[in-house]
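Structure first, commentary second.
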Amino acid sequence: MSPELLRVRRQRTQRIWRRSIAYSLDLAAFAISAILAFGLRFDFALPAQYYRPMWVALCIWAAAKSASFIIGAVNRGSWQHTSVFDAVRIVLAVSAGSVLGGIVIFGLVGPWGVPRSVYILDWLFSWLLTLGGRLAVRVFVTTRSMSRAEGEQTRTLIYGAGSAGLALSRELRQNPNLMCDVRGIVDDDISKVGLTLRGVRVLGTGSALGELVRKHAIQRVLIAIPSATGPQMVRILKYATDAGVEYKMVPSLGELVQGAELGKQIREVAVEDLLGRKPVHLDLDRIRERIQGRVVMVTGAAGSIGSEICRQIAPFRPLAIVGFDEAETPLFHLDREMARNFPYISFYPEIGSITSRGALKRVMQHHRPSVLYHAAAYKHVPLMERHVFAAVETNIFGTWNVARAAAEFGVEDFVMISTDKAVRPTSMMGVTKRTAELLIRALQMEGGTKFVAVRFGNVLGSNGSVVPIFKEQIAAGGPVTVTHPEMTRYFMTIPEAAQLVLQAFSIGKGGEVFVLEMGAPVRIADLAKNLILLSGLQPERDIEIQYTGLRPGEKMFEELNLQDEHLIPTSHDKIRSYVCHQKLDAMQIKASLHRLQAIVEGQDVANLVILLKELVPDYNPGTELLKTAMSIKPYSAGPDKIPVHRAQAETPAVAKQTPAALLN
């Protein structure tokens, strides 16, 4: 016999043995209950005429209640984990057995054979003894586990007296391996202060955290408020930092469902917690219907958003995922990650640039994708102000190449990742992405492929974004550089952005620009201060914050849509679409692209600005770019030779310099 089969048989035998003992103890409790009921009724001086009724009642009640416990599967659980749910089941099972047994007893011994009070007393003793036995086992096991590692535990306070905090308190006290000595709870609800909840006292509010830490020699604070908003988390973080105590975060219910025990998922507080972003709820069936069994292609697959889209797509069981990118090393690592985490999905890493029509046609002809996510783009605003033609070639011509190839090879759904910088753009990055939105809208008018764009703000922690830069500066001892004290940006997490892109794709009908709900804008200076606090340091005291002024192309505040864009709610509460009144047909697009191509070949900065202003009338070029346009004659030395000067302020508006705009 194999060891595995022996192990299964041993476990089955142990399970049968444990249940037999449990039912035997319950049977004994039922018998004792009947004896106590008769004894208490007659002050333990039972008259002789009641001997026979007592034994009849004892046997019938014991049998009826045991049958009720078996049918109700009362002993399927563990006595050491007896809960309120188990207590309710026990009372219901005892009540059913008492009623059934009472009916049989009444029929056998008559209405006067057993006093009426005995029926009530027997029912009461039965559930008290059966439930009491289980609670005694639970108290014994809990007390034993709490004393097992006495003297070696970390003195801990729990911040939050809600369900998460109480669940954490219970596990920390019952699991000695976590080495936590829970000294109390802190909660901002002053009405809870002084209460004892599940054996733990609420010692005070957050404002008293420093005093409580010193008084009880606390070594660690566990923050158990998964639903806390960003401002709440910032306040709690400030309390913990001022108290000079270590702090960690308890996971949300969504994180807990994916893991094991609550205590083992305690983690460091992350910058995402300070933003207060709530979990995204997706219409999984709708997304699965659009992806399952289809080949999905992702351009820019090696980037932050592109790689996350690949990860989010995989659980919906596409036929294959094609990752297209020119960054060889990140694509190599993504290929290994996908093979490791999603071995059931065929992932094809394809090296190539979206500016190469030949590479795009080769890949699409070979894989024949049905869905295409276009995430490839140049995104760094100041860098694109210096390399304007690279921005045009990738963000405009690259998008045109991908979109035309998608239409040519029968791609059914095309989703372009756009940005809030495309709204009233002041940068080359923003205006090229806005032009790309207009390109795919024009292609939608030809029918066939469904083209949609998804517009959102900054993605927290993406490659080259502000958070990794701040972390590097903090690790180096500072200073942390911020462009302006009042600069604000919209933020969302990488998984949230990718998930909402999937959801927008599932509800798109073609031609829409979807705008994701980004919440309240965040001051970059506040974000820098919070990251310093997360590092256990104090802003200005330990890490200096320096303000450097706006960089070329940057705006003080970002927008997600124009004032004249009418936002329309969709079936998802975090996604809206808008009706764009600007229209370009395919003929206008091709004519503009021909002019743009000539401008790029001639490296003509001045005419580039003029043409983009015609295409996007609300484009407000940056001061540095205007200086370059006015001082540089057309030449062909290459985009990296363009001299630039640093801008320190927003750019004034530029008047139209051509007689007619291409957009109505």
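Within segment 188-229, if we keep just the residues that are among the β-branched types (Val, Ile, Thr) and over 27 Å from the mean Cα position of the chain (by Cα), the residue that is farthest from residue 154 (Cα to Cα) turns out to be 190.
Report yes if residue 456 is crowded, with 24+ Cβ neighbours inside 10 Å, within 16 Å of residue 527 (Cβ to Cβ) and of a type outside the set (Lys, Arg), otherwise no. It is false that residue 456 is crowded, with 24+ Cβ neighbours inside 10 Å, within 16 Å of residue 527 (Cβ to Cβ) and of a type outside the set (Lys, Arg). For beta carbons closer than 9 Å, sequence separation of 6+ or different chains, a first residue in segment 468-486 that is assigned by TED's automatic domain parsing to the domain that holds residue 550 and surrounded by fewer than 16 Cβ atoms within 10 Å (Cβ to Cβ) and a second that is of a type in the set (Phe, Trp, Tyr) and assigned to a loop (DSSP other than H, G, I, E, B), the qualifying pairs are 486/557. When segment 612-647 is filtered for residues that are within 18 Å of residue 397 (Cβ to Cβ), at pLDDT 80 or above and surrounded by fewer than 20 Cβ atoms within 10 Å (Cβ to Cβ), only 614 remains. With respect to being over 30 Å from residue 447 (Cβ atoms), of a type in the set (S, T, N, Q) and at pLDDT 80 or above, residue 503 falls outside the description.
Of everything in segment 335-359 that's assigned to a helix (DSSP H, G or I) and in contact with a Lys or Arg (Cβ under 9 Å, 6 or more places away or on another chain), which residue is farthest from residue 394 (Cα to Cα)? The qualifying residue farthest from residue 394 (Cα to Cα) is 341. Any residue at all in segment 470-491 that is of a type outside the set (A, V, I, L, M), within 30 Å of residue 449 (Cα to Cα), assigned to a loop (DSSP other than H, G, I, E, B) and touching a strand residue (DSSP E or B) at 6+ places or on another chain (Cβ under 8 Å)? The answer is no, given that none of the residues of segment 470-491 is of a type outside the set (A, V, I, L, M), within 30 Å of residue 449 (Cα to Cα), assigned to a loop (DSSP other than H, G, I, E, B) and touching a strand residue (DSSP E or B) at 6+ places or on another chain (Cβ under 8 Å). Number of residues in segment 193-206 that are hydroxyl-bearing (Ser, Thr, Tyr) and either outside the structural domain of residue 238 (by TED's automatic domain parsing) or surrounded by 13 or more Cβ atoms within 10 Å (Cβ to Cβ) (or both) equals 1.
Looking only at residues in segment 318-327 that are touching a strand residue (DSSP E or B) at 6+ places or on another chain (Cβ under 6 Å) and not aliphatic (A, V, I, L, M), the one that is farthest from residue 393 (Cα to Cα) is 318. Residues in segment 512-552 that are small (Gly, Ala, Ser) and within 30 Å of residue 501 (Cα to Cα): 4 in all. Of everything in segment 321-334 that is outside any loop (DSSP other than H, G, I, E, B) and of a type in the set (A, V, I, L, M, F, W, C), the residue that is surrounded by the fewest Cβ atoms within 10 Å (Cβ to Cβ) is 332. On the given criteria, is residue 38 closer than 16 Å to residue 120 by Cβ and at pLDDT below 85? Judged against the criteria, residue 38 is not a match. Test residue 496 against the stated conditions and say whether it is part of a helix (DSSP H, G or I), in contact (Cβ under 8 Å) with a residue 40 or more places away in the chain and within 16 Å of residue 520 (Cα to Cα). So residue 496 passes the test. Of note, residue 549 satisfies the criterion of being part of a loop (DSSP other than H, G, I, E, B), modelled with pLDDT of 80 or more, more than 29 Å from the chain's Cα centre (by Cα) and of a type outside the set (A, V, I, L, M).
May I ask you to verify whether residue 395 is assigned to a helix (DSSP H, G or I) and crowded, with 24+ Cβ neighbours inside 10 Å? When the stated conditions are applied, residue 395 passes them. For segment 113-159, the tally of residues that are at pLDDT 80 or above and touching a His at 6+ places or on another chain (Cβ under 9 Å) stands at 2. If you go through segment 360-391 and keep only what is under 31 Å from the mean Cα position of the chain (by Cα) and assigned to a loop (DSSP other than H, G, I, E, B), you end up with 369, 370, 375, 376, 377, 378, 379, 380.
Annotation: residue 599 fulfils all but one of (1) outside the structural domain of residue 513 (by TED's automatic domain parsing); (2) modelled with pLDDT under 80; the unmet one is (2). The residue that is modelled with the lowest pLDDT, counting only those in segment 421-449 that are among the polar types (S, T, N, Q) and crowded, with 24+ Cβ neighbours inside 10 Å, is 426. Taking the conditions exactly as written (over 23 Å from the mean Cα position of the chain (by Cα), in a helix (DSSP H, G or I) and buried (at least 17 other Cβ atoms within 10 Å of the Cβ)), does residue 504 satisfy them or not? Against the criterion (over 23 Å from the mean Cα position of the chain (by Cα), in a helix (DSSP H, G or I) and buried (at least 17 other Cβ atoms within 10 Å of the Cβ)), residue 504 does not qualify.
The values are calculated or read from the model by the stated rules, or taken from the named source; none is laboratory data. The shown structure was predicted, so the numbers you read here are calculated from the model rather than taken from an experiment. Backbone-built Cβ (ideal geometry, glycine too); neighbour counts: all protein chains shown.
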